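The values are calculated or read from the model by the stated rules, or taken from the named source; none is laboratory data. Please read all numbers here as calculations on a predicted model, not as lab measurements. Cβ: placed from backbone, ideal geometry, glycine included. Neighbour counts: every protein chain shown. When the accessible area is computed, the model is the full protein with side chains, heavy atoms only, and any ligands, DNA or RNA have been set aside. Shrake-Rupley method; radii C 1.70, N 1.55, O 1.52, S 1.80 Å.
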Amino acid sequence: MENGGEDTLQTRQVLLLFVLLGVSQAHSEPGSFSVAEEMQSGSFVGNLAKDLGLEVGELSSRGAQVVSNDNKQSLQLDINTGDLLLSQMLDREELCGSTEPCVLHFQVLMKNPLQFLRIELQVRDVNDHSPIFLEKEMLLEIPENSPVGAVFLLESANDLDVGMNTVQSYTISTNSHFHIKMRVNPDNRKYPELVLDKALDYEEQQELSLILTALDGGSPPRSGTALVRVVVVDVNDNCPEFQQPFYEVKIPENSILGSLVITVTAWDLDSGINGEISYTFSHASEDIQKTFKINRKSGEISLTASLDFETIESYSVIIQATDGGGLFGKSTVRIQVMDVNDNVPEIAVSSITSPIPENSPETAVMVFSIRDRDSGENGRTICSIPEDLPFLLKSSFENYYTLETEKTLDRESRAQYNITITVTDFGTPRLKTEHSIIILVSDVNDNAPAFTQVSYTLLVRENNQPAMHIGSVSATDRDSGTNAQITYSLLPNQDPHLPLTSLVSINADNGQLFALRALDFEALQAFEFHVGATDQGSPLLSSQALVRVVVLDNNDNSPFVLYPMQNASAPCTELVPRAAEQGYLVTKVVAVDGDSGQNAWLSYQLLKATEPGLFGVWAHNGEVRTTRLLSERDAARHRLVVLVKDNGEPPLSASVTLHVLLVDGFSQPYLPLPEVVPERSQGDSLTVYLVIALASVSSLFLFSVLVFVAVRLCRRRRAAPLGVYSVPEGHFPGHLVDVSGTGTLSQSYQYEVCLRGSTGTNEFKFLKPIIPNPSPQCSGKETEETPPFNSSFGFNIQ
């Protein structure tokens, strides 16, 4: 336990040693010892107690020990005697290198009380290393014409020892040409120099071999040697000479890379290395070095970059020929670049005017210049444009050209021109450049609007809706932009009787026509007016077209029965003898229709009859005839309802009621009807009533016709300028037009209806009545012919 405690205490004290090392050094004076390197381990260094003035027993009692900063135990202390001994062999070169003096520092640690003592150990150098040359053989090339006294530097030897043990002198083997001279560097290192004592002669001795020896100052001295080979260099007393002092060569600018330009040749009268010539460029510019390359051995100059005559036309190259001795000769090579046609002409546009007005002749459109980088014929150019264009080229000054219009252009014929300007040089091969431009032609208001038709015919059905679109007119303008913006309008009407503004209107933007009110075919069958189209250019241009509006008939009028009249105060009664044959004409229903065409084609049919099967109505002429023989059993009074229907869509109709009285003969003015008792008392006045009725019907009919004709004539006078009002062209079918027959209208009459479409008017004729013989009472009555007259429908009535 006590030993363990002492060990622990010692360990702590050792640790404190390093902490308080600097402090201890400040409290004691150092002790100095000296020892030679390479001494064996255990060699005596000195007595520490004597040197420090300590008792031998004190070292032991205070536990003295030696420590070093690098923890290397190079010394050991004998605490019994106080002697310092080497614990290992010391190598000064390893410990200190070239540092002189070589001093090692140690500390002596003593306890009770704690004390640090510093000691120094100087390691003395011994001559244990020989001088060494890094190069065992040194080569010196010395020209034979080197002057006596010339100095040549030699490599020095290295010696790891210091002081007198390092290199102190150099010697050279015995010879008649050189001796050694010592030099000292600023760091006190000595190096040798070889001094020429006698001129060399290459022809006498071309090489010398000398031994250089380095000696140190040790005892005994050590040495190192190296071989010095002195090669006598022949004197170069002849300069290279070129065959020509000036070379000139021409080469095309399109020569391929690597091609040979020229070969220069020089010679040297010297032999050996002095006669070996190398060729180089002298004072060559960067362009020359990039463009050409010279072979150092053969003198061949080759091309390494593309030539461009337009950039550099020629090169002047100085060639230097240098021999092995450093002498040189020079020659100049002029390389002339020959132009080839390798540049296409160039067009530089100065100004372009586009668009150009179409009405501007001889207007400058484009100004441009032409350049060809080639020279001579290769740089001469000609400029052209296609011949089919209304443009021409004019040359101004130097290479400037002007493209102008040759005549007035027409934008409507061609709105733009693609012009290709071709520039061709005169080289071989001929090169050309094409430059295309697009010239736009701006519009001038030189075209009036043009209608697609000179006249328009619009078909409009009557009874149309107001503001209905009835058609359109269209005009085009060959101009463009605002010059082609068209406005439509109705032109003032020349007919003061036609209220045009109340009939139609036009859309100013698109030319659509609208009927402002419902049209009536019977009142106005057609009318004409002019429309105008005006552009927005400056000045304003316009044109006009004729518009004819034809009103188409609609089936809007029902048939009108002329006979028998339905508004008479007494009904009309037709007399039929009982002895009448089958097909006997009882009467004829006469009707007209205010419409035209097939809307006015009438057909008749028996709608009702008192005794069906006794009477029939012809469908096409309205004749009422018996369909069989009469008998005594047939009733004396018959009531027939006849339907008159037109051929329109939808068809319109009217009906008329006929009263037929069967009598035994026309001599009896009155026949009592047993079926009707009240009428027997009136049999005497039947004839009088019939005559009065017939006269009233005839008078009323004539008056109605005259009034109707007068009204139609007035309307025709108003509408006469608008056109001819007629039924549709073409003949009516014969079975619907011409009607004839015989029958009775209170008496027996014969009449004819004739419609003629070819004349433009329809004539309706009543022929004079023909009185048959069977009735003597009626024979005394004569019916006068009624003069013909024109109705509003164009019929002639007799």
Restricting attention to the stretch 534-547, and to residues there that are open to solvent by 70 Å² or more (accessible area, probe 1.4 Å) and farther than 11 Å from Thr487 by Cβ, which single residue is modelled with the highest pLDDT? Gln544
Name the pairs: first residue in the stretch 650-673 and under 30 Å from Ala600 (Cβ atoms) and small (Gly, Ala, Ser), second residue modelled with pLDDT of 85 or more and part of a loop (DSSP other than H, G, I, E, B), Cβ to Cβ under 7 Å, at least 6 apart or on different chains? Ser653/Ser558; Ser653/Pro559; Ala654/Ser558; Ala654/Pro559
Before we move on, is Val531 on the phi < 0 side of the Ramachandran plot, modelled with pLDDT under 90 and in a strand (DSSP E or B)? no
Criterion: out of contact with any Leu (no Cβ under 9 Å at 6 or more places or on another chain), within 20 Å of Val249 (Cα to Cα) and surrounded by fewer than 20 Cβ atoms within 10 Å (Cβ to Cβ) - qualifying residue of Glu300, Glu313: Glu313
Which number in (1) assigned to a loop (DSSP other than H, G, I, E, B); (2) touching a residue at least 60 places away in the same chain (Cβ under 8 Å); (3) touching a Leu at 6+ places or on another chain (Cβ under 9 Å); (4) of a type outside the set (Lys, Arg) marks the one condition that Val231 misses? (1)
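Restricting to strands (runs of 3 or more DSSP E) lying wholly in the stretch 379-481: which have 3 or more residues that are more than 30 Å from Glu310 (Cα to Cα)? Walk me through how you get there before you give the answer.
Working: elements: 381-384, 391-395, 400-405, 416-425, 432-442, 455-461, 468-472.
Because the criterion is at least 3 residues that are more than 30 Å from Glu310 (Cα to Cα), the strands (runs of 3 or more DSSP E) in the stretch 379-481 that meet it are 416-425, 432-442, 455-461, 468-472.
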Can you list residue pairs whose Cβ atoms sit under 6 Å apart, with the first residue in the stretch 395-407 being closer than 17 Å to Thr422 by Cα and without any contact (Cβ under 8 Å) to a residue 60 or more places away in the chain and the second being open to solvent by 70 Å² or more (accessible area, probe 1.4 Å) and small (Gly, Ala, Ser)? Count only pairs 6 or more apart in sequence or on different chains. Tyr401/Ser395
Would you confirm, using the coordinates I've provided, whether Ala150 is in contact with a Pro (Cβ under 8 Å, 6 or more places away or on another chain) and of a type in the set (A, V, I, L, M, F, W, C)? no
Within the stretch 268-280, can you find the residues that are surrounded by 15 or more Cβ atoms within 10 Å (Cβ to Cβ) and either without any contact (Cβ under 8 Å) to a residue 12 or more places away in the chain or in contact with a strand residue (DSSP E or B) (Cβ under 6 Å, 6 or more places away or on another chain) (or both)? Ile277, Ser278, Tyr279
Any hit, the stretch 134-157, residues being among the acidic types (Asp, Glu) and in contact with a helix residue (DSSP H, G or I) (Cβ under 9 Å, 6 or more places away or on another chain): no
Kindly list, by first and then second residue, each pair from a residue in the stretch 109-126 that is at positive phi and touching a residue at least 24 places away in the same chain (Cβ under 8 Å) to a residue that is in a loop (DSSP other than H, G, I, E, B) and open to solvent by 10 Å² or more (accessible area, probe 1.4 Å), limited to pairs with Cβ atoms under 9 Å and residues at least 6 apart or on different chains. Asn112/Arg62; Asn112/Gly63
Among the residues of the stretch 161-184, is there at least one that is in a strand (DSSP E or B) and in contact (Cβ under 8 Å) with a residue 60 or more places away in the chain? no
